[in-house]
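Right, one structure below, let's go through it.
The values are calculated or read from the model by the stated rules, or taken from the named source; none is laboratory data. These figures come from a predicted structure and were not determined experimentally. For neighbour counting, all protein chains shown are included, and Cβ atoms are generated from backbone atoms with ideal geometry for every residue, glycine included. Note: areas computed on protein heavy atoms with side chains; ligands, DNA, RNA excluded. Shrake-Rupley method; radii C 1.70, N 1.55, O 1.52, S 1.80 Å.
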Amino acid sequence: MVSPELLDSLPAESADAQHSRRDLRWFNRLLGNDRWWGRVLPSLSEIGRGIELGAGDGVLANRFGLDGLDLQCAPINWNPQSEWHQSDVTAFKHWSAYPLVAANLFLHHLSHDQLSQLGQQWNDTAQVIIASEPWRARGFRTGFSALCWLINAHEVSRHDGRVSVEAGFRGDELPQLLQLDPTVWEWKITHSLLGMYRMIARRRTKP
């Protein structure tokens, strides 16, 4: 169930947004996302140019030399050697330049129709699609509340976290919603004990 998140409506420079982005950095660290991306992305460097969807504060993209795509303008610490695209993801026109697509806590924001639209694009252009998203598991809702208490999370983060879990994925839902063609793609779905849903989809090699 996709519902609006408060952070998306806040000016990037507002105190509430800055506090919530600080919380997101803590969530990524404590939920193991930073370590997971650190294992996965370096092994895919031969794929070619990559882009992070919903790049936000640019921390992940800067760390691995990815270009960024976000509704907001580039953060002040953005790497000048990488490209920043300020655009709605569904209006982006340059997918053919990016064989590697990465999404960290982003795809759950999108409707089924938007996911299908993106998947149709990537069926034609991408070589690898990587996503780390909320796992829609009942136990993670309780765990997330405890995590918010631990880091003294802002009320925006508490609201958006609950909404994110409700909009998360299970099983093969994400590749199915993207309508990835199983004759073209092979994918692996994993779930972490801390509540993360992760997909690595690779284009099949031609015989």
Total residues in the stretch 167-207, condition without any contact (Cβ under 8 Å) to a residue 60 or more places away in the chain and in a loop (DSSP other than H, G, I, E, B): 11
Residue satisfying all of: in the stretch 82-116; under 26 Å from HIS191 (Cβ atoms) and more than 15 Å from the chain's Cα centre (by Cα); least open to solvent (accessible area, probe 1.4 Å) among these: SER116
Test for GLY58: is it more than 11 Å from the chain's Cα centre (by Cα), of a type in the set (Gly, Ala, Ser) and farther than 21 Å from GLN121 by Cβ: yes
Single residue of the stretch 162-197 satisfying the filter (of a type in the set (Lys, Arg) and touching a strand residue (DSSP E or B) at 6+ places or on another chain (Cβ under 8 Å)) that is surrounded by the fewest Cβ atoms within 10 Å (Cβ to Cβ): LYS188
